[in-house]
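A short worksheet on the structure shown next.
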Amino acid sequence: MMSKKVQRGLVIAFVVILLAFAAWVAWTYLHGRNANVWAFIKEPMAHKEWTTPAGLQCPNAPFIIPSGGFIGYYYGDVFKLGKKHQGIDIFGGVEVAHMPVYAPYDGFVSREEGWKSSLILRVPQDPLQPDRQIWVYMTHMADRKGNGLIDKMFPPGAKDVPVTQGQVLGFQGDYSGNPKRPVGVHLHLSIVKDDGQGHYLNESVFSNTLDPSPYFGMDLNAKTAPDGPPRCLLSVQID
Ligand SMILES: [Zn+2]
């Protein structure tokens with residue numbers, strides 16, 4: 001049998017862990033970028049100064065910002081316990097199908113047969129590390145029912161369609177996979193590593209993705225980004 005003292009100690013330890021967890025959950029959901037994203041979705045016109053225009057190219061950055069809106073979530077943000085965000089989310093602050101999505105860089109677009117809302121852009125030569133190929137995955141380009149908002153040039157099964165930086169690929173949507181629980185209208189973008197044999201790695205695994213900050217010339221890393229909407233930096237480090 002445990003002594004009373006040990007039992008009491010265990011109860012206290014349990015309560016402390018529970019409180020710490022509750023505080024973490026509250027902090028994650030109520031502060032920082034969550035609060036701003038909710039405020040923006042509710043009243044985009046009241047927060048126009050938070051937005052970044054589509055097509056903006058920061059000094060020394062190879063990529064252009066692929067869609068207009070508030071860049072609300074960053075690389076490494078945590079939504080679910082133990083799951084880090086693999087990319088960035090740009091919230092258009094407009095209705096579904098109103099905010100165009102442009103190619104951030106020259107490359108070749110593919111769309112898997114089953115992809116309702118997603119495209120992937122192959123960049124044969126990473127502008128920051130020219131000895132490797134990288135991929136840019138973009139998703140949520142469908143409405144809540146799964147009707148695609150992707151340009152006719154990229155039907156399901158499309159393979160390696162050449163595009164140039166700034167070319168229209170589709171429009172932001174609110175597709176989540178569950179029509180009853182759509183997401184706020186946005187574009188998700190992540191930069192995905194190649195497997196070294198010409199294929200992209202699974203983009204849903206954080207370690208298969210790259211910090212987008214140096215590609216856009218903004219600090220878009222949840223670990224280091226300052227408060228407030230992202231702005232162009234003059235120099236960024238590769239994480
Ligand atoms: Zn996202």
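The values are calculated or read from the model by the stated rules, or taken from the named source; none is laboratory data. Since this is a predicted model, take the numbers as computed values, not measurements. Positions of Cβ are generated from backbone atoms using ideal geometry, with glycine treated the same way; all protein chains shown enter the neighbour counts.
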Quiz item: When both residues are 6+ apart or on different chains and their Cβ atoms are under 8 Å apart, which pairs have a first residue that lies in the stretch 204-226 and is closer than 16 Å to Pro127 by Cα, and a second that is in a strand (DSSP E or B) and of a type in the set (S, T, N, Q)?
Solution: Thr209/Ser190; Asp211/Asn221; Pro212/Ser190; Ser213/Asn221
Self-check item: Number of the condition not met by Tyr73 [criteria: (1) more than 14 Å from Met141 (Cβ to Cβ); (2) surrounded by 18 or more Cβ atoms within 10 Å (Cβ to Cβ); (3) away from the ligand (no atom under 16 Å from the Cβ); (4) touching a residue at least 40 places away in the same chain (Cβ under 8 Å)]
Solution: (3)
Practice problem: For residues that are hydroxyl-bearing (Ser, Thr, Tyr) and without any contact (Cβ under 8 Å) to a residue 60 or more places away in the chain, tally how many sit in the stretch 119-155. | Solution: 1
Quiz item: For the subset of the stretch 166-189 comprising residues that are in a strand (DSSP E or B) and surrounded by fewer than 23 Cβ atoms within 10 Å (Cβ to Cβ), which member is farthest from the ligand (Cβ to nearest atom)?
Solution: Val168
Quiz prompt | Sole residue being within 16 Å of the ligand (Cβ to nearest atom) and out of contact with any Asp or Glu (no Cβ under 9 Å at 6 or more places or on another chain), chosen from Ile90, Ile150, Ile64, Ile120 | solution = Ile90
Practice problem: Please work out which one of (1) at pLDDT 95 or above; (2) on the phi < 0 side of the Ramachandran plot; (3) within 16 Å of the ligand (Cβ to nearest atom) is the condition Val78 fails and give its number. | Solution: (1)
Quiz item: Which residue pairs have Cβ atoms closer than 8 Å, lie 6 or more positions apart in sequence or on different chains, and pair a first residue in the stretch 1-20 that is loosely packed, with under 10 Cβ neighbours inside 10 Å with a second residue that is in a helix (DSSP H, G or I)?
Solution: Met2/Leu10
Quiz item: If you take just the strands (runs of 3 or more DSSP E) that sit entirely in the stretch 67-130, which of them hold at least 1 residues that are basic (Lys, Arg)?
Solution: 78-80, 119-123
Exercise. Just name the residue that is farthest from the ligand (Cβ to nearest atom) out of those in the stretch 190-221 that are assigned to a strand (DSSP E or B) and in contact with a Pro (Cβ under 7 Å, 6 or more places away or on another chain).
Key: Met218
Quiz prompt | Matching option when the condition is farther than 14 Å from His140 by Cβ, touching a residue at least 40 places away in the same chain (Cβ under 8 Å) and not aromatic (Phe, Trp, Tyr), among Asn34, Asn60 | solution = Asn60
